[in-house]
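Report on the structure given below.
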Amino acid sequence: MERAEAEVEMEAAGDGDVHTPHSAPSTASSARVSIWESVRACGVWGKEVDKAELRRQVVMPLYARRAVAAAVKERSEAAGVAAAATAREEEVEGEEALEVVTPMVVFVNSKSGGRHGPELKLRLHDLISEEQVFDLSDVKPSDFIRYGLGCFERLAEKGDNCAKDIRHKMRIMVAGGDGTVGWVLGCLQDLNKLKREPVPPTGIIPLGTGNDLARSFGWGGSFPFGWRSAVKRYLSKALTAPIVHLDSWQAVITMPEGQIDELPHALKKVELADHLEINKENGSELPEKASSYKGVFYNYLSIGMDAQVAYGFHHLRDDKPYLAQGPVANKLIYAGYSCTQGWFCTPCTASPQLRGLRNILRLYIKRANCSEWEQIQMPSSVRSLVILNLKNYGSGRHPWGDLKPDYLEKRGFVEAHSDDGLVEIFGLKEGWHASFVMAELIKAKHIAQAAAIKLEMRGGEWDRAYVQMDGEPWKQPLIQDQSTTVEINKVPYHSRMINGDI
């Protein structure tokens, strides 16, 4: 039966697609495309970017740069306002008359993708200005959003039209991997909640290993070989590229007791005061004594063996950073580590953690325009469950596939897009099946499309499960006779992305 289903899913793959702002660029061979993107981004092909002209468009006036730097450093809007007043007295002739074109701020993750961050940061200091580049090892994006943008809002309230223009025209670039981009996007969502609009749109300099968010919005899948010249092209493209929308999804994890150790950036603990807000948003009720966590993902959430491999890789990279010197090295380590975890060679009965997820997991969904939960039977062979928002997964692979209209109609699916209010749910079996899926020889096991999801996990013989959101994994404790739930609902507003695929 499973073989027949696999044949149907193989036949469902289309012959390719035409890229529009509504869909991700197609990749026939992800490795080959990544190399081509790296070469193409070097600036050998295409118009050379003039450094002076770039600075004229992105650099803020001196007083504004000093203001935002002081506000973020002191974590005080008032400090920023005071620094602006002092800096105005020091401005050189003509500085105050600079036209605000498209002011830009760049966040750099020094630990992403082969540790290019420190060199890239220095290059950005030279291209724009030191005050407009923030190292995420030193500055949280939430501090910039609260105090930096807040400083411009206070100056605008005092009649400063230049500060008002900077606040309204600002664009953000993130140099990092998927987890870093998700971290920044999650902090930007606070602007929607507080009605502090507009929310600055976000572009990406791909500095991670997978870079699926960057691929999905036309920024490429890897950090280019000639990156010093390519950085100018990234910034120049971000100045005028159009803005598109991206769905985001909030996951709320409720545990009857205990806590999650080594909490990733993607999650934060829900305080008692936040329970009422979540109850209202999701139409559900969190037990008062339960431990709850919430987080937002933009690309995927997965449970099972792939998350376990990611967890091991992250710990290995942190313990032995000299091994992770670039995306290629990272992928080799990833592949080697996956072979040691039993996904390929160990029988499924050898350890409870290596058996199908159906032993611990129940899946419920709400379909589009439906308010009732529907239980979906988990296939017994599935050992990794993936909930996917974008087309790209696992370094540019398309496990859901480009499905033909007759197959979509037969399964009750619709064509997948990143802003359609739906996520795609698929499964990976043993390592061989996952390898064929990642090689794009077959498609993953299609399970459902959903507008909301609820997962109930109960330990039994398992004392833990592995979960990851947008590349950030953690170890999820499980209790034998009590359920841990994960409820996933769409955030009511879109993230604004700069579409680099122009």
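Do we have any residue at all in the range 236-254 that's at pLDDT below 90, assigned to a helix (DSSP H, G or I) and open to solvent by less than 10 Å² (accessible area, probe 1.4 Å)? Quick ask: steps written out before the conclusion?
Applying the first criterion (at pLDDT below 90) to the range 236-254 yields none.
No: zero hits.
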Filter the range 447-466 down to residues that are open to solvent by 10 Å² or more (accessible area, probe 1.4 Å) and part of a strand (DSSP E or B), then give me how many there are.
6
Matching option when the condition is under 30 Å from P256 (Cα atoms) and of a type in the set (K, R), among R411, R464
R464
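Determine, yes or no, whether G203 is of a type outside the set (A, V, I, L, M), in contact with a helix residue (DSSP H, G or I) (Cβ under 6 Å, 6 or more places away or on another chain), in a strand (DSSP E or B) and under 29 Å from S302 (Cα atoms).
yes
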For the range 428-443, give me each residue that is open to solvent by less than 30 Å² (accessible area, probe 1.4 Å) and without any contact (Cβ under 8 Å) to a residue 60 or more places away in the chain.
K429, H433, V437
When I425 is evaluated against the numbered criteria (1) at pLDDT below 90; (2) in a strand (DSSP E or B), which criterion, by number, is the only one it fails?
(1)
Working only within the range 434-484, note down all residues that are among the aromatic types (F, W, Y) and touching a strand residue (DSSP E or B) at 6+ places or on another chain (Cβ under 9 Å).
Y466, W474
Quickly run through the range 394-418 and pick out the residues that are surrounded by fewer than 16 Cβ atoms within 10 Å (Cβ to Cβ) and either of a type in the set (A, V, I, L, M, F, W, C) or touching a residue at least 40 places away in the same chain (Cβ under 8 Å) (or both).
K404, L408, V414
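Taking L122 as the residue in question, decide whether it is of a type in the set (A, V, I, L, M), under 23 Å from L239 (Cβ atoms) and open to solvent by 30 Å² or more (accessible area, probe 1.4 Å).
Working: of a type in the set (A, V, I, L, M): yes; under 23 Å from L239 (Cβ atoms): yes; open to solvent by 30 Å² or more (accessible area, probe 1.4 Å): yes.
So L122 fits the description; yes.
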If A69 satisfies every condition in (1) open to solvent by 30 Å² or more (accessible area, probe 1.4 Å); (2) modelled with pLDDT under 90; (3) within 29 Å of the chain's Cα centre (by Cα); (4) of a type in the set (A, V, I, L, M) but one, which is the exception?
(2)
For the range 335-392, enumerate the residues that are at pLDDT 75 or above and either touching a Cys at 6+ places or on another chain (Cβ under 6 Å) or among the basic types (K, R) (or both).
R358, R362, K366, R367, R383, K391
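The values are calculated or read from the model by the stated rules, or taken from the named source; none is laboratory data. Treat the numbers as computed from the prediction; the structure is a model and nothing was measured. Cβ sites come from the backbone with ideal geometry, for glycine too, and all protein chains shown count toward neighbours. Heavy atoms of the whole protein, side chains included, go into the accessibility calculation; ligands, DNA and RNA do not. Shrake-Rupley method; radii C 1.70, N 1.55, O 1.52, S 1.80 Å.
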